1. Return a whole-number percent for the relative contact order of the range 83-140, with Cα pairs under 8 Å and 6 or more residues apart as the contact set.
2. Want the number for Ala61 to Phe175: 0.36 nm per residue separation, take away the alpha-carbon distance, what's left?
3. What percentages make up the Cα-Cα pair-distance distribution of the range 36-81 when the bins are 10 Å wide from 0?
4. Given the protein chains as shown and a 1.4 Å probe, how many square angstrom of Val150 are accessible, to the nearest 10?
5. Could you put Arg10, Arg89, Arg83 in order of accessible surface area, largest first, with the 1.4 Å probe and the full protein assembly present?
6. Among 34-41, 21-28, what's the highest-first ranking by average C-beta atoms within 10 angstrom per residue?
7. Please report, as a whole percent, how much of the solvent-accessible surface of the range 37-134 comes from carbon and sulfur atoms (probe radius 1.4 Å).
8. Step through the residues of the range 207-222 one at a time and calculate ³J(HN,Hα) from phi using the Karplus curve (6.51 cos²θ - 1.76 cosθ + 1.60, θ = phi - 60°), rounding each to whole Hz and writing x for Gly and Pro.
Amino acid sequence: MLLVDIGNSRVKWARLERGVLGSQRAAPHAGWTASDWRARLFDEGPVDAVLVATVADRESAAALSAATRMATGQEPRFVTTGREAAGVRSGYANPALLGVDRWLAVIGAYRRVRGACVVADVGTAATIDVVAADGQHCGGFIVPGPALMVASLVAGTSDLGTRRENSGPDSGACFADNTRDAMQRGCRLAVAALIDRSVLEAGGGQSTPPLLLTGGAATEVLPLVRSPCEHVPDLVLRGLAALGDAGPP
């Protein structure tokens with residue numbers, strides 16, 4: 001089975017064979033045609049089925065569907081958020097309103113730790129979700145990711161976008177000494193601080209639930225997160241694998 005996670009700017013994929021998840025691969029997918037999707041995702045041998053999660057536009061989903069038909073003669077199966085799956089219960093009154101990427105990351109995290117946890121997915125947007133020990137999804141937060149925060153500052157101010165100086169890659173200071181770094185470091189730290197506060201609130205001051213960090217921009221905030229955490233780049237695919245092991249709904 002081919003597992004595919006289509007984000008706003010990047011696609012991640014891996015093969016699931018006999019219950020074993022293969023290595024994750026990733027690439028930007030902007031402008032890909034059906035032929036591009038087929039060449040990149042179906043280059044490792046025959047595929048029996050394709051399981052997809054997407055938060056991207058309809059054009060990307062349509063191109064992948066066409067590529068899947070060309071490669072397998074079948075339609076891909078697009079996952080949607082449900083009320084309950086793989087031991088996790090949605091905390092939304094209307095489960096369909098919870099993004100499928102958040103849902104799958106929560107499933108992947110809960111399956112990995114087998115208990116209460118906090119999930120932070122940092123990409124174009126940064127999402128944080130909390131899961132209780134019994135698998136109840138408790139809700140979470142959505143904020144812009146670091147790059148989107150910086151872009152909003154550049155677009156919404158008169159002169160910040162013209163500042164190009166930086167401190168260089170070897171600068172280890174927390175506080176920036178120039179405008180460009182002040183924006184970039186500040187936005188990364190803002191996301192990291194929200195993650196740490198979420199862990200604190202989830203534990204209620206009594207415990208520290210495991211924190212799992214994923215997403216294309218996770219490595220930008222990882223050094224700034226104070227809470228103990230595990231970086232799991234393929235967490236959404238692990239959630240897909242949990243559903244793939246269970247077979248069709």
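The values are calculated or read from the model by the stated rules, or taken from the named source; none is laboratory data. Model, not experiment: these values are computed from the prediction. Positions of Cβ are backbone-derived with ideal geometry, glycine not excepted, and every protein chain shown enters the neighbour counts. Calculation scope for accessible area: heavy atoms of the full protein, side chains included, ligands and nucleic acids excluded. Shrake-Rupley method; radii C 1.70, N 1.55, O 1.52, S 1.80 Å.
1. Across the range 83-140, relative contact order equals 34 percent.
2. Roughly 36.8 nm would be gained on extension.
3. 27, 60, 13
4. 20
5. Listed by decreasing accessible area, they come as Arg83, Arg10, Arg89.
6. Result, highest mean first: 34-41, 21-28.
7. Carbon and sulfur: 49 percent of the exposed surface of the range 37-134.
8. Result, rounded to whole Hz: 8, 10, x, x, 10, 10, 10, 9, x, x, 9, 4, 5, 6, 9, 3.
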